[in-house]
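One structure is given here, and the rest of the page talks about it.
Here, each number is a calculation from the coordinates, and none is a lab measurement. No experiment lies behind these values; they were computed from the predicted model shown. Positions of Cβ are backbone-derived with ideal geometry, glycine not excepted, and every protein chain shown enters the neighbour counts.
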Amino acid sequence: MSGDLAIDVQDLTRRFGAFTAVGGITFNVRAGEVFGFLGANGAGKTTAIRMLTGLLVPSSGRATVAGHDVARDAERVKRDIGYMSQKFSLYEDLTVRENITLYGGIYDLRDREIRDRSARMLANLQLEHAADQLVRAIPLGWRQKLAFSVALLHQPRVVFLDEPTSGVDPITRRQFWELIYDAAAGGTTVLVTTHYMDEAEYCDRISIMVDGRIGAMGTPAELKRDFKVSSIDDLFVQLARPTGSAQGPAA
Amino acid sequence: MSASSADAVVADCLEKRFGQTIALAGLSFSVPRAELFGVVGPDGGGKTTLFRILATLLVPEKGTARVLDRDVVKDLWDLRRRIGYMPGRFSLYPDLSVYENLRFFASVFGTTIEREQAHIAPIYSQLEAFKDRRASALSGGMKQKLALCCALVHRPEILFLDEPTTGVDAVSRREFWDLLAQLKASGMTILVSTPYMDEADRCDRVALMQSGRLLAVDAPKAIAQAFDRPLLAVRAARRYPALLALRESPHVHAVYPFGDTLHYVDARRGEAPAAIATELSAFLASRGFADATVEPTAATVEDSFIARMGAPEGTRAA
Amino acid sequence: MSALLGLLRKEVYHILRDRRTLVVIVALPVLQVIIFGYAIRTDVDHVRLAIVDPAPDTVTLGIRARFAAAGVFEDVALVPRIEQLEDLFRRGAAQGAVVFEAGFAERLARGLPAGLLIIADATEPNTGSIVASYATAVVQGYQQEAPPSNGAIHIVPSVRMRFNPTRESSNLFVPGLMAFVLTIISSLMTAISLTREKETGTLEALLVSPLRPWQIIVGKVAPYLVVGFASVVGVILEARLVFHVPLRGSLVLLLAEGIVFILVSLSLGILISARTSSQRVAMMGALIGTMLPTMLLSGFIFPLESMPWPLRAISVIVPARWFVLVARSIMLKGVGLSYLWQPTLVLLVMALVLLTASTRAFHERLDQ
């Protein structure tokens, strides 16, 4: 195993009373990879991500994110990662600039760094004219792109994205993914969950969680070949309702 | 297709605004009976507003809408008996069980589950095993089916389903569309809204909707075939660098990721795709992408949507 | 450190930019200080005083003049016989009475003690005590300044507390408690129930059905009517059995008035929830719009008599004020509809107006 694993998960488990939300998952993500973390609602994705971002303590198993153990060094994990979710990204009653300054402050960036980075970010997104508008006045697509950029403000090594493109138009979605590619090209590791099956194809590798375990993992091309399906959508259906015969190789 | 009084839905220049925001900017379309009609587009585009007007919940500022040959504003009580409506977010009572929810909605329309047993059987059979479970404890796919059942139980003549597949896993989505196909086959007129472009292909006809306007209304195949520029699919190992390189090719109109390929749209309308493919391969090879493959490909509804969208919310497209 | 400052600054923005929070933070404390400051006053002005003077003479006239000059009393009636006081007290026209024995001056001249009866309406024990002590003070003042004759003068005031002889505070609170409990159940619960329906989105589905708005309202609200009625019965039982609060009037009348009051509160709950789709806002609205006035301005805890006239004026539109009056009168004074027709009429009119308004406010569409 090479030393530059951005995320290293070994037999990670989380139980809530008698219910096992995550039943021992093992996988890793290299630096600069775009990793698609898929699965149906209730399959355990959210719980797994909460453990990896230091929000939940694992019941057993180990995970290292950005070089820190999530159980022992949760605070250092949080410092080195970025997070953006569909439910929450930016404060709607603050302006764009105020949001950036707030997050900059939370991650201990110096004032000059904040100024420089935010200027670059706004220019990149072509949002300079909206810098002093309240976030709630900005269209959804721009908000999502902005939220992603803010999550990257402190230049984290790993960024977690939870359904970041829900509901936006096809062009904005693709622009968002170009931002992801751009970040990955710069060495940032991206772990993303999505319900859009075509976005699964945009990833370097994907994993699909079923009932708390990883049902399949690999590059999209490999998986399609091994499971003899023509789309990730079909793969999903196969995993969720196995026909019995074509069960692909173990992840 | 010209509208006739036999059409299930006829909308004429519908306009609706909320304060300063224009939700619908003058929509006109019609839906014949027994058609599975999709309204496809991103959030904030006005789909929910349109459905609410058609379901007699909102009044348009301008324009008219007729459903089942009745006016949505004037004949609302007549229509409310005949419409099946499934609002977004699954309006189910979380603290009632599957059975109790269904029984309630049946009683509101003056009927009972027992009486409609045969009618709802195809869907209810998938729920029966959970009939005493509280709605809040159901998975997204189950909630979806239950909500559909509740909308159907009073034998409506037309169904309005507002984003029934949002937030539901891929398998349940498929099963849901299978159910809709079955319903349509039995003669039901169904209008469905969805943000997922791939679901457009499962409809008889589709309206592409964005920012309160209709970009196109036609059968999905026709919309796809109306794509008027050469379209090629490029496969390359290093996808993002290839994308950036293609943006610099001489005749590019747009390049964007598309599933496991990149879609390249050439600006020259008349050119033969095969010729362009050769050009592009050479171009990519010259940029260090010798392993890339380029093939002409058929456009999909999504390609058409992207082409017709114009500037998405102010920013430039490609 | 800058992270902390950043967070603090953000919170300030949130507060400043949310108008509702701002109102609560700024306006509410000011309002509360004013109301509480004025409500919690124990002095009573304008005590309505009735006088029974069967045989007016120099002494009785002298004492009566002192009462008039005291500035605290308001002469409401002068009656020759003590039996006539009963009606005045029951109607609430008199809060206190001074009864002179016949042949007052004569007895004093002969060196015999002259009897003077001070009666106070102790339905509100606090007010009752105050009235009694004011009156006693006036009489004692007269005694001290009376012209000397045959040594000391013996005027023996005896004090009787009417309707609530032992001045039980539970007698004061319990009728008011009924109003409070009913307000919670009817206004608050109804408002929450309706907005919860809006929040889950089920209201939307209900609207696209043959159900008319009034059916939806009745269906939602009727259970609370039953629950409210059960509460009234429960409170009365508890009052009688645990606190031994008397029930001197008609139980049926009390329950009937309770139902009217429940209808008023239910309508208020509907009105509040018609304006908003958030449970949180509905709850705040119900708290501020119904429970606070019920607590402070209905005479439940703080006597209306002690409040300055602006607050007393506002209390006229607080439904609970009328119901508390009715409940107390029925339970402690034992009066019937003939005395209570006015407050009953007020409650009925309120119920009618509010029910109509709330049905209208509940649209058959999402906008109108």
Average beta-carbon neighbours from other chains, 10 Å sphere, peptide B:257-265: 4
Rounded to 5, percent antiparallel among DSSP beta bridges of segment C:1-160: 25 percent
Peptide-level mean, for C:208-214, of C-beta atoms on other protein chains within 10 Å: 6
Set of aspartates and glutamates with alpha-carbon distance to residue B:131 below 15 Å, sequence-local pairs under 8 removed: B:95, B:100, B:114
Listed peptides A:130-139, A:30-39 by packing density, highest first (mean Cβ within 10 Å): A:30-39, A:130-139
Two-site label geometry, residue C:214 and residue C:238: point separation in nm, points 7 Å out along Cα→Cβ: 3.6 nm
Cα gyration tensor, segment B:171-318 - rounded (a/c under 1.5), prolate or oblate: prolate
Loop-located GluC sites (Glu not before Pro) in segment B:231-318 whose Cβ has at most 15 other Cβ within 10 Å (DSSP): B:248, B:271
Paramagnetic reach from residue C:230 in segment C:169-194 [backbone N under 15 Å; point 7 Å along Cα→Cβ]: C:182, C:185-186
Gaussian network model of chain A, springs between alpha carbon atoms under 10 Å - residue of A:162, A:93, A:80 with greatest fluctuation: A:93
FRET efficiency for residue B:112 and residue B:204, using Cβ-Cβ distance with R0 set to 30 Å, rounded to 0.05: 0.35
Projected label distance in nm at residue B:253 and residue C:74, using a 7 Å step from Cα toward the beta-carbon: 8.8 nm
Length-normalised contact order for segment A:123-246 - Cα pairs under 8 Å, 6+ apart - percent: 17 percent
Residues with amide H under 5 Å from that of residue B:216, placed H, sequence gap 5 or more: B:208
Label point distance in nm, residue C:82-residue B:282, each placed 7 Å from Cα along Cα→Cβ: 12.7 nm
Karplus (6.51, -1.76, 1.60) ³J(HN,Hα), θ = phi - 60°, over segment C:156-165, in Hz, Gly and Pro reported as x: 9, x, 10, 10, 10, 9, 8, 6, 8, x
Cβ-derived FRET efficiency at R0 56 Å, residue B:82 paired with residue C:26, nearest 0.05: 0.60
GNM flexibility winner over chain B from B:138, B:24, B:148 (Cα, springs under 10 Å): B:138
Burial order of peptide ranges C:135-141, C:217-223 (average beta-carbon count within 10 Å, highest first): C:135-141, C:217-223
Of all DSSP beta bridges in chain C, antiparallel share, percent nearest 5: 20 percent
Binned Cα-Cα distances of segment C:82-122, short to long, each 5 Å bin given as a whole percent: 6, 23, 24, 15, 12, 11, 7, 1
For segment A:165-214: Kirkwood Rh in Å [reciprocal of mean 1/r, alpha carbons]: 12.1 Å
Average other protein chain Cβ within 10 Å of Cβ, residues C:47-53: 0
Mean separation of Cα contacts under 8 Å (6+ apart) over length of segment A:128-192, as relative contact order %: 39 percent
Net length gained if the chain between residue C:341 and residue C:140 were fully extended (0.36 nm per residue, minus Cα distance): 68.4 nm
Whole-number Å³ per residue for the convex hull built on Cα positions in the protein assembly as shown: 224 Å³
